[in-house]
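The values are calculated or read from the model by the stated rules, or taken from the named source; none is laboratory data. Predicted model, so just to flag it, every value in this text is computed and none were measured. Don't worry about glycine lacking a Cβ; one is built from the backbone with ideal geometry, like all the others, and counts go over all protein chains shown. The area values use the complete protein model at the heavy-atom level, side chains included, leaving out ligands, DNA and RNA. Shrake-Rupley method; radii C 1.70, N 1.55, O 1.52, S 1.80 Å.
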Amino acid sequence: MINKINFFHSIIFFNICIFFSAFEVLRDNSFILFSFFLILTIGISHGALDHEKGKKLLKIYKIKNTEVFYITYIGIAIFVILIWILSPILLLSLFLIVAAYHFGKEDSDFIETKNVNFLEIFYFIKGSLVISAPLLFHKAETIEIFKMLNFSIDENIMANNFLIPLVILSVLSNFLIYRGNNNDLRSILFLDSFSIIILNYFFNPILAFTIYFCLLHSIRHSLSLISEINKNLIKGFPIFLKKIIPLTVITAIMYLIVFYFISEKFSIDESIIKLIFIGLASLTFPHILLEYMVEKNEK
């Protein structure tokens with residue numbers, strides 16, 4: 001059931017990308033506030049059930065005090081921000097590597113992969129498309145975003161003769177992740193990759209990333225969470241919505257408070273860019289660590 005929904009989700013998302021690429025106005029404007037809104041709602045909400053997975057992990061380790069999870073989770077997030085303050089190059093390098101693997105894995109998580117050697121490497125190569133595509137099609141803008149995050153990249157290093165093979169390898173990695181005979185599953189993987197390429201070809205890096213992160217990555221992850229609550233997604237969605245609202249609202253408020261303070265020092269656009277990527281980095285590391293530990297213990 002969930003695979004059919006993912007199939008139709010990929011088709012709809014692919015057609016949305018093609019449809020909106022026809023509007024030239026979307027190519028010239030960064031829509032930074034719109035991107036910020038989507039990140040604060042759909043984007044961060046897909047991790048808003050981490051506290052429930054945390055409780056599950058505490059049970060596995062026979063820890064009764066739930067505060068241990070919250071303190072650890074928040075502590076890791078704060079630690080990530082401190083690393084960025086002390087060494088932005090180190091933090092963002094790690095974040096790009098971890099994020100590429102995370103995107104590749106979670107976007108393919110609906111597929112059963114058995115006896116696939118070097119699967120983690122293929123996940124990383126697949127997910128690297130989210131990073132290599134904007135560098136290929138909008139190099140100057142992407143490098144400028146990195147500079148705002150105190151992360152300098154030499155344009156000569158990111159030459160097209162390096163990026164083009166990386167994009168091609170990312171698309172071809174779909175063959176290695178899924179080797180079965182189900183054409184629907186294979187179509188999902190390739191449609192997703194082509195959608196990311198279309199987004200980054202026509203739109204600026206911030207808008208392209210936001211549309212991908214919120215409308216493909218986050219929704220797909222949310223669908224899998226809803227199916228865990230109830231196989232009938234229509235019945236499971238209201239329960240899911242009720243569960244994610246508290247942490248989503250709290251996190252969004254924290255984002256806005258930080259935005260209020262840093263906007264006094266930086267422009268609105270730069271403040272939002274810092275919040276989007278440093279904020280996501282601080283949430284991504286504990287989120288991925290939690291997913292890994294729960295998955296490892298369930299196996």
For the chain, what is the mean residue ellipticity at 222 nm derived from helices alone (per DSSP H run of n ≥ 4: -39500 (n - 2.57); sum divided by total residues; nearest 500 deg cm²/dmol)? -25000 deg cm²/dmol
Hey, what did the stretch 1-122 get for relative contact order, percent, Cα under 8 Å, at least 6 apart? 17 percent
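Can you work out D for the stretch 121-258 in µm² s⁻¹ from Stokes-Einstein, where Rh is the Kirkwood radius over C-alpha pairs, the temperature is 10 °C and the viscosity is 1.306 mPa s?
92 µm²/s
Below 8 Å between Cα atoms, with a sequence gap of 6+, how large is the relative contact order for the chain in percent?
Values: 305 pairs, mean separation 100.9, N = 299.
Result for the chain is 34 percent.
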Alpha-carbon gyration tensor eigenvalues x 5, square-rooted, for the stretch 10-135, Å: 31, 21, 18
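Grab the alpha carbons of the chain, take their convex hull, and tell me the volume per residue in Å³. If you can, show how the numbers build up before the last one.
Numbers: hull volume 41.9 nm³, N = 299.
In the chain, the Cα convex hull volume per residue is 140 Å³.
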Within the accessible area of the chain (1.4 Å probe), percent carbon and sulfur: 69 percent
Part-to-part distance (alpha-carbon centres) for the stretch 210-240 and the stretch 37-112, which is given in Å: 18 Å
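Where the only charges are on Cβ atoms (+1 Lys, Arg; -1 Asp, Glu), what is the dipole of the chain about its Cα centre, to the nearest 20 debye? Show your work: numbers first, answer last.
Details: 24 positive and 23 negative charges, 231 e Å.
It comes to approximately 1120 debye.
Using the reciprocal of the averaged 1/r over all distinct C-alpha pairs, how large is the Kirkwood radius of the stretch 65-150 in Å? Please list the in-between numbers first.
Details: mean 1/r = 0.0660 Å⁻¹.
Kirkwood hydrodynamic radius for the stretch 65-150: 15.1 Å.
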Accessible area per residue in Å² at 1.4 Å probe, computed on the stretch 199-266: 53 Å²
Quick one: Debye curve from the C-alpha atoms of the stretch 225-272, no solvent, what's log10 I(q)/I(0) at q = 0.14, 0.17, 0.28 Å⁻¹? -0.52, -0.60, -0.92
Which entries of Lys62/Lys105; Lys64/Lys231; Lys62/Lys296 have Cα-Cα distances beyond 26 Å here? Lys62/Lys105; Lys64/Lys231
Bounding extents of the stretch 74-124 in its principal axis frame from Cα atoms, largest first in Å, are 41, 22, 15
Whichever aspartates and glutamates have a C-alpha closer than 13 Å to that of Lys55, once near sequence neighbours (fewer than 8 apart) are set aside: Glu67, Glu291
For the stretch 65-165, dividing by residue count, accessible area per residue (probe 1.4 Å) in Å² works out to 54 Å²
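Please pull out the direction-averaged projected area of the stretch 201-288, using the convex hull of its alpha-carbon atoms, in nm² to one decimal place. If you can, show how the numbers build up before the last one.
Details: hull surface 28.8 nm².
Averaged projected hull area, Cα only: 7.2 nm².
Within 10 Å, count the other beta carbons around each residue, average over each peptide in 60-72, 281-293, and list them highest first. It would help to have the intermediate numbers written out before the result.
Working: 60-72: 11.6, 281-293: 18.8.
Averaged packing, sorted descending, gives the order 281-293, 60-72.
About its Cα centre, how strong a charge dipole does the stretch 140-299 have in debye, to the nearest 20, once Lys and Arg get +1 and Asp and Glu get -1 at the Cβ?
720 debye
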